[in-house]
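All remarks here apply to the structure that follows.
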Amino acid sequence: MTDRTKRGLDCIEAALLLGVMGDALLRATPWGINVLLWTLALVLALVTLAARWRGSVLRREGRWLVLPVILFAAAFAWRDSMTLKALDFLLLLVSLALVAWRARAYRVRLAGVMEYALEIAYTGACALFAFFPLVLSDVRWKELPRGGWSRHAWAVLRGLIIAVPLLMVFGLLFMAADAVFEGLVQNTLHINFGNLFTHLFLIILFTWITGGFLRDFVLGKEGSWITAQTPLSLGLDAARSAAASGEVKEGAENNSQPGLSGRLKMGIVEIGVVLGLINLLFLSFVVVQVKYFFGGAALVQASTGLTYAEYARRGFFELVTVAALVLPLLLAAHWLLRKENARHERIFRALAGIQLLLLFVIMASAVGRMRLYQNEYGLTELRIYTTAFMGWLALVFVWFALTVLRGERERFMHGALVAAFLMVGALHLVNPDALIVRVNMEHAQAGRSFDAVYVSSLSADFVPAIFEAFPAMSHYERCVIKASLLRRSRELGTPDWRSWNRSRSVALRLIEENMGGLLEVSCPQTPYPPPVPMINVSPNADAHERR
C-alpha cells in the first residue's frame, strides 16, 4: 500500500473510534465533563497521527496551540452558564482550526486578518466536506489485500453499509403502519428503532466531521481538495501571496502586481478624507460628552430631558457598536492604502492615532454610562458580557497601535485572538452569575429593588452566592428563590456522569445541605406578586435587554 492509502486508513480508523465515542459521550446533555473526555481523545488521535506522519506539526508552536483546545474543553466541566459555554465552544472550534492551520502553513503567529478568516473557513469546509475525498480518492481500496476471508469480509461490510439504512427506513414505516407488526418486532428484537436511529446518526455525524478534520491535519497542504477556481481557494491564494510578498509589512510594497487587491487600492487622499471626516464627527461627540463628565446629573437632565439612568441606558449599547465598527474600518483602511511613500504612511498613522484617542474617550463615556445604569438597576448578563466585550476591544485597539501602526500588521490577529482567550478565561474566574447576585443584593441593601425572578433564571453558577444573600432577602424574594432551587434540585437529582459539571455538583450539594432552611420558608402555592414598594422600573426598563 502507498503512504497516502495508509494515511487515509489511519484517519478513517481514528474517525470511527471518535464517532463511537462521540455518540457514547456527547449525546448526554447538558454538556459537561463529556466534552473534555471526547476532546482529550481527539487530541490523543492528533498526537498519534502526528507522531506517525507529521512529526514536526505539534512541536514548539504546535504544542501551545493544543493547550487552549484542552482548556476550553475543560471549561465545560467548570461553569454552568450557557453564555460562557457558547464562548467556550466558539473558541474551542477556533483553536482546533488553528491546529489544522499549523499542519498546513507553519506560520500561525505571523498572518493577516484575512488569512486567519480564510484559513479558519477552509478548516470548517474540510470538516464538512473532506470526508468525500478521504474515502473516494485518498484510500485506494484496490491496494487493500483481497486474499482469503478479507475479500468476503469487505464485500459483506459494503453490503451492510448499504442495507442497514434501508432496513431501518422500511422497518420504521412498517411499524408505523401496523401495531401488530410493531409489537412483534419490539418483543422479538427488543430494539428501540428510534434510539437506534439516533445512535447511528450521531456516530455517522461525528465520524464524518472528525474524518474530514483529521484528513486536513494529516495530509496538510498536499491534501488540498478545493479546486483552484473556487472563491475560497482564490481568497486563500491571495491572502497567502500578500503575506509572502510582504504587502502586510511596513515598507514592503507590491502594488505593481495586477489583481483584485491592486485594483482596490486607494491613495492617501481618499483614505485621509474618510478618516478625517470620521475624526471630526468623533471630536464633536467628545466635546459634547466632556461637559457631562464634569457637569453631573443636573446638567444631563436639563440638556436632554431624560433621567440620568435613561440617558445611560440609551447610549451604552450604541457606543459599544461604534467601538466595534472602528476596528474593521481601520484595518480595511490600512489594507486599502497605497503605501507609495513613507510620508503617506505617517499621515495614516497620525489620522488613525487621533481616531484611537477619540475612541478611547468615547469608550470611557460608554463605561461611565454603564456604571450609572448599574448603580441604579444592578447587573444583568447582557451588561456584564457587553462590558467585557468593551474591555476586549480596548486591549485590541492598544495592540492595533503597537502592531499595525508600527508596520507589523502580520502580528495583529494572533495578539487579538490571545486577548479573546484571556478575556473569556477572566470571565470564568469572575463567575458572572454569582457576581450578578452579589452586586444586585448590595443594591437592594442600599434601598433599591432586587429582581428575584431574573436572578432565579440564572445558571447553577449563582447558587453559592444566593445562599450567602438568602438571609437578607424579603419574604417574597425567598419564596421565588426557594421555588427555583427546589426545581433545580429535582433537575439535578439524577445526573448522568457524562454531564458532570462542577458548578452543578456544588449547587446540588448546597441545596441538599440547606434543604431544611428552604422548607422552613412558608410560601403560598400560587406565587403572589411583590408588594408595592418592590415594584420598580428596572424589570420593565431592561425587558428589551433580556429579550
- Give segment 369-393 a look and list any residue that's crowded, with 17+ Cβ neighbours inside 10 Å and over 25 Å from residue 82 (Cβ atoms), or say none. 369, 372, 376
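Name every residue in segment 322-350 that is within 21 Å of residue 289 (Cα to Cα) and open to solvent by 20 Å² or more (accessible area, probe 1.4 Å), in order of residue number.
To start, the set of residues in segment 322-350 that are within 21 Å of residue 289 (Cα to Cα) comprises 322-326.
Once the filter is applied, which keeps residues that are within 21 Å of residue 289 (Cα to Cα) and open to solvent by 20 Å² or more (accessible area, probe 1.4 Å), segment 322-350 yields 322, 324, 325.
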- Note on the structure: So, first residue modelled with pLDDT under 75 in segment 41-63, second residue among the charged types (D, E, K, R) and open to solvent by 40 Å² or more (accessible area, probe 1.4 Å), Cβ within less than 8 Å, six or more apart or across chains; the pairs are 61/109
- Count of residues meeting criterion [touching a helix residue (DSSP H, G or I) at 6+ places or on another chain (Cβ under 9 Å) and touching a residue at least 60 places away in the same chain (Cβ under 8 Å)] in segment 73-97: 14
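Kindly provide the set of residues from segment 515-547 that are among the hydroxyl-bearing types (Ser, Thr, Tyr) and either open to solvent by 60 Å² or more (accessible area, probe 1.4 Å) or modelled with pLDDT of 55 or more (or both), ordered by number. Steps first, answer last, please.
First, pick out the residues of segment 515-547 that are among the hydroxyl-bearing types (Ser, Thr, Tyr): 522, 526, 528, 538.
Correct list: 522, 526, 528.
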- residue 494: passes all of (1) among the polar types (S, T, N, Q); (2) out of contact with any Leu (no Cβ under 9 Å at 6 or more places or on another chain); (3) open to solvent by less than 40 Å² (accessible area, probe 1.4 Å) but (3)
- Message: For segment 105-117: of the residues being surrounded by fewer than 22 Cβ atoms within 10 Å (Cβ to Cβ) and in a helix (DSSP H, G or I), which is modelled with the lowest pLDDT?
- Response: 105
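Return yes when residue 512 is open to solvent by 60 Å² or more (accessible area, probe 1.4 Å), within 12 Å of residue 463 (Cβ to Cβ) and not basic (Lys, Arg) and no when it is not.
Numbers: open to solvent by 60 Å² or more (accessible area, probe 1.4 Å): yes; within 12 Å of residue 463 (Cβ to Cβ): yes; not basic (Lys, Arg): yes.
Yes.
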- Filter segment 72-84 for residues that are open to solvent by less than 80 Å² (accessible area, probe 1.4 Å), part of a helix (DSSP H, G or I) and not hydroxyl-bearing (Ser, Thr, Tyr) and give the result. 72, 73, 74, 75, 76, 77, 84
- Message: As an exercise: evaluate residue 397 against (1) assigned to a helix (DSSP H, G or I); (2) open to solvent by 20 Å² or more (accessible area, probe 1.4 Å); (3) touching a residue at least 12 places away in the same chain (Cβ under 8 Å) and give the number of the one condition it does not meet.
- Response: (2)
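Give the number of residues within segment 402-434 that are within 30 Å of residue 488 (Cβ to Cβ), assigned to a helix (DSSP H, G or I) and either open to solvent by less than 20 Å² (accessible area, probe 1.4 Å) or in contact with a helix residue (DSSP H, G or I) (Cβ under 7 Å, 6 or more places away or on another chain) (or both).
Filtering segment 402-434 down to residues within 30 Å of residue 488 (Cβ to Cβ) leaves 423-434.
Narrowing the set further to residues that are assigned to a helix (DSSP H, G or I) leaves 423-430, 432-434.
The next check asks that each one be either open to solvent by less than 20 Å² (accessible area, probe 1.4 Å) or in contact with a helix residue (DSSP H, G or I) (Cβ under 7 Å, 6 or more places away or on another chain) (or both); those that pass are 423-424, 427-428, 432-434.
Count: 7.
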- Taking segment 1-39 on its own, how many of its residues are under 19 Å from residue 102 (Cα atoms) and free of Cβ contacts under 8 Å to residues at least 60 places away in the same chain? 1
- Item | Only one of 87, 44, 58, 40 that is crowded, with 16+ Cβ neighbours inside 10 Å and not in a loop (DSSP other than H, G, I, E, B) | 87
- Scan segment 207-220 and give yes if some residue there is under 27 Å from the mean Cα position of the chain (by Cα), at pLDDT below 80 and in a helix (DSSP H, G or I), otherwise no. yes
- Query: Is it the case that some residue within segment 172-181 is modelled with pLDDT of 85 or more, open to solvent by less than 90 Å² (accessible area, probe 1.4 Å) and closer than 30 Å to residue 62 by Cα?
  - Reply: no
- So which residues in segment 435-451 are without any contact (Cβ under 8 Å) to a residue 24 or more places away in the chain and not in a helix (DSSP H, G or I), if there are any at all? 446, 447
- Could you grab me the full set of residues in segment 100-127 that are of a type in the set (A, V, I, L, M, F, W, C) and more than 12 Å from residue 217 (Cβ to Cβ)? 105, 108, 110, 111, 113, 114, 117, 118, 120, 121, 125
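Closer than 19 Å to residue 215 by Cα and either out of contact with any helix residue (DSSP H, G or I) (no Cβ under 7 Å at 6 or more places or on another chain) or among the hydrophobic types (A, V, I, L, M, F, W, C) (or both): which single residue out of 121, 117, 111 fits that description?
Numbers: 117 fails: closer than 19 Å to residue 215 by Cα; 111 fails: closer than 19 Å to residue 215 by Cα.
Unique residue meeting the criteria: 121.
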- Query: Do you know which residues across segment 324-355 are part of a loop (DSSP other than H, G, I, E, B) and out of contact with any helix residue (DSSP H, G or I) (no Cβ under 7 Å at 6 or more places or on another chain)?
  - Reply: 338, 340, 341
- Task: Collect the residues in segment 480-504 that are among the hydroxyl-bearing types (Ser, Thr, Tyr) and touching a helix residue (DSSP H, G or I) at 6+ places or on another chain (Cβ under 8 Å), keeping them in residue-number order.
- Result: 484, 489, 499, 503
- Scan segment 452-477 for residues that are within 19 Å of residue 85 (Cβ to Cβ) and in contact (Cβ under 8 Å) with a residue 40 or more places away in the chain and report the count. 6
- Looking at this structure, is residue 101 hydrophobic (A, V, I, L, M, F, W, C) and open to solvent by 20 Å² or more (accessible area, probe 1.4 Å)? no
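Do we find that residue 69 is part of a helix (DSSP H, G or I), open to solvent by less than 10 Å² (accessible area, probe 1.4 Å) and among the hydrophobic types (A, V, I, L, M, F, W, C) in this structure?
Working: part of a helix (DSSP H, G or I): yes; open to solvent by less than 10 Å² (accessible area, probe 1.4 Å): yes; among the hydrophobic types (A, V, I, L, M, F, W, C): yes.
So residue 69 fits the description; yes.
The values are calculated or read from the model by the stated rules, or taken from the named source; none is laboratory data. Keep in mind it's a predicted model, so treat the numbers as computed, not measured. When we count neighbours, we look across all protein chains shown, and the Cβ atoms used for this are built from the backbone with ideal geometry, even at glycine. Accessible surface areas use protein heavy atoms only, side chains included; no ligands, DNA or RNA. Shrake-Rupley method; radii C 1.70, N 1.55, O 1.52, S 1.80 Å.
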